[in-house]
Amino acid sequence: MQTRWEFMEDNFEDEPKRKRGRPKGSYNKASKAQVERITAEGKLSPLEYLASIYQSEAEETRTRIEAAKAAAHYVHARLASTEFKAAVTEITQEEWLESLN
């Protein structure tokens with residue numbers, strides 16, 4: 001039978017750790033004020049401006065592509081790079097054909 005302290009130690013490890021500070025991706029006061037100032041004045045945000053350029057058929061194709069590249073960072077997350085290690089063994093064609101059977 002477990003004592004009260006042993007029972008508490010087992011359950012203590014299962015609790016998730018609390019994170020401190022501002023959550024990742026949230027705005028601080030200065031960023032929030034900047035966003036509010038831009039939207040209150042009726043101006044376009046940088047993303048909206050870039051979107052208007054790459055959606056405009058009046059612009060050159062090269063300009064539209066560059067605007068789309070710049071806007072992509074705001075919309076799509078970057079893919080994480082992964083490392084792949086593989087052991088390569090050299091076999092003859094006959095050995096490979098034998099392994100298929």
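Structure above, values below:
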| read-out | value |
| --- | --- |
| Separation in nanometres of the label points that stand 7 Å from Cα toward Cβ, at residue 62 and residue 101 | 6.1 nm |
| Extension reserve of the residue 26-residue 74 stretch, reckoned as 0.36 nm per residue once the Cα distance is removed | 15.9 nm |
| Summed side-chain charge close to residue 78 - residues other than residue 78 whose Cβ falls under 15 Å, Lys, Arg +1, Asp, Glu -1 | +2 |
| Label-to-label distance, nm, for residues given as residue 94 and residue 48 (7 Å Cα→Cβ offset) | 7.3 nm |
| Loop sites in the stretch 62-101: chymotrypsin sites (Phe, Trp or Tyr not before Pro), DSSP, at most 15 other Cβ within 10 Å | 84 |
| Those lysines that a straight Cα-Cα span of less than 20 Å connects to residue 24, excepting residues fewer than 8 apart in one chain | 32 |
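Taken together, the values in this text are just the output of simple stated rules run on the coordinates, not laboratory data. On a predicted model such as this, the values are computed, not experimentally measured, just so you know. Methodologically, a virtual Cβ is constructed for each residue, glycine included, from the backbone with ideal geometry; neighbour enumeration extends over all protein chains shown.
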